[in-house]
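The values are calculated or read from the model by the stated rules, or taken from the named source; none is laboratory data. For clarity, every value in this text was computed on a predicted model and none was experimentally measured. All Cβ positions, even for glycine, are placed from backbone atoms using ideal geometry, and neighbour counts span all protein chains on display. The protein model used for the area step is the full one, side chains on, heavy atoms only, and it has no ligands, DNA or RNA in it. Shrake-Rupley method; radii C 1.70, N 1.55, O 1.52, S 1.80 Å.
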Amino acid sequence: MLGVCLLITMPLEWMGRGVYRRGPELARAVTPVLLVLVVWDVVAILRGHWSFHPEATTGVTIGGVLPIEEVLFFLAIPICALLTYEAVQERSERWLPNG
């Protein structure tokens with residue numbers, strides 16, 4: 001599903017200012033979000049606030065706690081959001097009279 005999200009938003013790379021072409025900026029934008037959400041999830045899992053059903057994950061975990069799918073989610077969805085934002089920003093500048 002995450003791959004589908006990335007695939008669907010891939011054309012936005014060329015409609016906007018290029019998210020993937022600005023690797024260091026992409027990393028600076030996604031890394032803080034990734035770190036905060038990974039820590040949040042790990043703490044919640046360790047405290048027993050939530051868990052992941054084994055049949056819904058591959059069984060591959062990070063640190064024996066966090067399913068890899070959760071980390072990939074924290075990467076893929078912000079990238080899709082950035083692709084969408086940049087494409088809309090680029091297009092809106094063309095549409096607005098003083099843009």
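Ordered from largest to smallest accessible area (heavy atoms of protein chains, 1.4 Å probe), the residues M10, M1 come out as M1, M10.
At an R0 of 25 angstrom, the distance between the Cβ atoms of L35 and M1 translates into a FRET efficiency of 0.60. Heavy-atom accessible surface of the chain, averaged per residue, reaches 69 Å², computed with a 1.4 Å probe.
Relative contact order for the chain: 47 percent, from Cα pairs under 8 Å spaced at least 6 residues apart, divided by residue count.
Over the chain, DSSP H runs of length four or greater, each weighted -39,500 (n - 2.57), average out per residue to a 222 nm ellipticity of -21500 deg cm²/dmol.
In plain terms, the chain from R17 to H49 could stretch by 7.5 nm, reckoned as 0.36 nm per residue minus the Cα-Cα distance. Each residue was assigned an accessible area with a 1.4 Å probe, and for V88 the value is about 90 Å². By a 1.4 Å probe calculation restricted to protein chains, Y85 has an accessible surface near 130 Å², given to the nearest 10.
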